[in-house]
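The values are calculated or read from the model by the stated rules, or taken from the named source; none is laboratory data. Computed from a predicted structure; not experimentally measured. Here the Cβ positions follow ideal geometry from the backbone for every residue, glycine too, while neighbour counts run over all protein chains shown.
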């Protein structure tokens, strides 16, 4: 098991009224998700195949929030407190399944993201 | 702009040959994604509605990797280097769109995840 | 407007206790769906973009039925009356949106299906 | 096995230059799909669980066509021959998987559609 201990110093701009943690401890979350599943004896359901299905179901629940909105209405969603909260729930749902898929298949999330950003930069060169 | 500086000490088990960063700097990634889009003049395409559609498209590309696999084959995906790498790419694709959706709609990812974990604990009490 | 009048004779095997219509009148369904939407003044929401989003949302609701099932359990779904009925509802939901998407974009469903079957036969030749 | 034989007379409006068949023989299509799979020894892959995954993958490929379009651009898709043809392919792809899911789970498509239309009429009464 790996544990990373970080002492973090926040340097914040003057406009901020409070300090918040910008980093997401993905390994800690994965551990909490494993414990949550183990407490409920859910492990046998958590094959990568099933987790992928559950993830796309949550992804579609996020899409559903916007399905009848105009593009402009979607940009203004933060002004609708209930829908904004619901959006946060669906984003979290998809993210939690991604974390579990990565955990159960040995994918290093941070490395995968960096690799993808590099691939995207090659695939979509900036026009001159 | 917020910047978090962390000095991290890795405490690793004997079986690991390298240290990796467990934290994901989501705000830094969101900034890089904004810059990537701005350099290519993509901003007008990036409404939350469109980003939600692009996100579910990537979610389905992740599902596609497993669609004909048995549950057991899905558990063994790490032994297939090409598929494992492809899985990492699709996980990253979905994650990058989630980061952009959160960024464009003012959703605090870390807070949304904590709230969802709390809601899940209430929704699925541990059986006694 | 096109109208097709068919006089149909059912030739059924001895094991059947009732005759059912095997043909689906897709144009009549599309007309009924247009009327349903018009009566409720829904037309402004029914852009192909929105209908595509609504369709994938229903597709994921169908996936959700099977997400925690084993392959064998999915094959036995007809023995669970409630789930079987729910499956029928989700299949219908996706199909109704496909009909609307085709209707709103001028896609001839029957022709598109025939073309795809021909393309599939070329793409997946039978092994000798 | 059921077979329906229909003698159809087309009554078409003056604006049409050709007669086309409006009915879709869903049972015949399901038979052709079974034969296609059997010729390629694909049956073991075709559990309802897998077919549901394949179906949502195609549904997302349909969404992908529209993901960066404005609502207006999506309404004009018929004027873009390549994209229009691609849309027809994806509509057919989803439909073919729906037919296979129904076939493998004993769902009567025509009955399911009628039931859903009735349920929708109750769920969304016309406002007075």
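Points to keep in mind about this one:
- Restricting the first member to the range C:76-94 and to residues that are more than 10 Å from every other protein chain (Cβ to nearest Cβ) and closer than 13 Å to residue D:112 by Cα, and the second to residues that are modelled with pLDDT of 95 or more and part of a helix (DSSP H, G or I), the beta-carbon pairs closer than 7 Å and six or more apart or on different chains are C:86/C:65.
- Qualifying residue in the range D:33-45 (condition: closer than 20 Å to residue C:24 by Cβ, in contact (Cβ under 8 Å) with a residue 40 or more places away in the chain and away from chain B (no Cβ under 14 Å)): yes
- Any chance residue B:86 is within 30 Å of residue D:47 (Cα to Cα) and in a helix (DSSP H, G or I): yes
- Failed criterion for residue B:97 (all others in (1) part of a helix (DSSP H, G or I); (2) over 12 Å from the mean Cα position of the chain (by Cα) hold): (2)
- Only listed residue being part of a helix (DSSP H, G or I), more than 7 Å from chain A (Cβ to nearest Cβ) and under 13 Å from residue A:92 (Cβ atoms), chosen from B:118, B:112, B:102: B:118
- Test: residue in the range D:44-51 that is out of contact with any helix residue (DSSP H, G or I) (no Cβ under 9 Å at 6 or more places or on another chain) and part of a helix (DSSP H, G or I): yes
- Residue in the range B:58-75 that is without any contact (Cβ under 8 Å) to a residue 40 or more places away in the chain and more than 14 Å from chain D (Cβ to nearest Cβ) present: yes
- Residue in the range A:53-68 that is closer than 20 Å to residue B:57 by Cβ, in a loop (DSSP other than H, G, I, E, B) and at pLDDT 95 or above present: yes
- Every residue from the range D:3-32 that is more than 8 Å from every other protein chain (Cβ to nearest Cβ) and modelled with pLDDT of 95 or more: D:30, D:31
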